[in-house]
Amino acid sequence: MKAPQDIILRPVITEASMENVQSRKYTFKVAKDANKIEIAQAVEGLFPGVKVARVNTVSCRGKFKRMGRTAGYTASSKKAIVTLTEGSKTIEFFDSMI
């Protein structure tokens with residue numbers, strides 16, 4: 001089994017993701033091979049007192065980029081939008097960003 005730090009890579013800090021914090025939805029960049037159950041267990045393991053209600057995942061394809069004559073793709077990634085239950089604690093990291 002993977003460690004929670006290997007599954008949850010970093011938080012996603014954008015305007016859209018910060019608007020969802022009020023409705024208890026938090027966005028993370030996760031490992032591409034992680035499934036929803038592993039993501040939920042990793043969030044509950046990394047942040048004590050947090051209970052996950054549901055997890056939505058989005059696979060993001062790499063973008064096509066050019067630098068002069070050379071062309072290629074950026075790295076593909078996976079995002080997870082984690083919704084918490086009503087009775088659980090919030091994630092303090094995101095609360096300090098608001």
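Only one entry of GLY72, GLY45, GLY62 meets the criterion of being small (Gly, Ala, Ser) and part of a loop (DSSP other than H, G, I, E, B), and that entry is GLY62. Of the numbered criteria (1) in contact with an Asp or Glu (Cβ under 9 Å, 6 or more places away or on another chain); (2) over 13 Å from TYR26 (Cα atoms), the one ALA53 fails is (2).
Here ILE98 fulfils each of the conditions (1) in contact with a helix residue (DSSP H, G or I) (Cβ under 7 Å, 6 or more places away or on another chain); (2) among the hydrophobic types (A, V, I, L, M, F, W, C); (3) surrounded by 11 or more Cβ atoms within 10 Å (Cβ to Cβ) apart from (3).
In the set (1) closer than 23 Å to LYS2 by Cβ; (2) in contact (Cβ under 8 Å) with a residue 40 or more places away in the chain; (3) not basic (Lys, Arg), CYS60 fails one condition alone, (2). One residue alone among VAL30, VAL55, VAL50, VAL82 is closer than 15 Å to ILE7 by Cβ and more than 13 Å from the chain's Cα centre (by Cα), and that residue is VAL50. Here is a check on your reading of the model: is ARG69 loosely packed, with under 14 Cβ neighbours inside 10 Å, of a type in the set (D, E, K, R) and under 12 Å from the mean Cα position of the chain (by Cα)? Against the criterion (loosely packed, with under 14 Cβ neighbours inside 10 Å, of a type in the set (D, E, K, R) and under 12 Å from the mean Cα position of the chain (by Cα)), ARG69 does not qualify. Taken over segment 4-37, the residue count meeting the criterion of being closer than 17 Å to SER96 by Cα and either in contact (Cβ under 8 Å) with a residue 60 or more places away in the chain or not aliphatic (A, V, I, L, M) (or both) is 18. Just to be sure before I move on: is ALA40 free of Cβ contacts under 8 Å to residues at least 12 places away in the same chain and assigned to a helix (DSSP H, G or I) in the structure I sent? No; evaluated as a whole, the condition is false for this residue. Considering only segment 1-20, I want to know if a residue exists there that is loosely packed, with under 12 Cβ neighbours inside 10 Å and in a strand (DSSP E or B). Looking through segment 1-20, at least one residue is loosely packed, with under 12 Cβ neighbours inside 10 Å and in a strand (DSSP E or B).
We did not get these values from a lab; they are worked out from the coordinates using the rules stated. Only a predicted model underlies this, so the values are computations on that prediction, with no experimental measurement involved. Cβ: placed from backbone, ideal geometry, glycine included. Neighbour counts: every protein chain shown.
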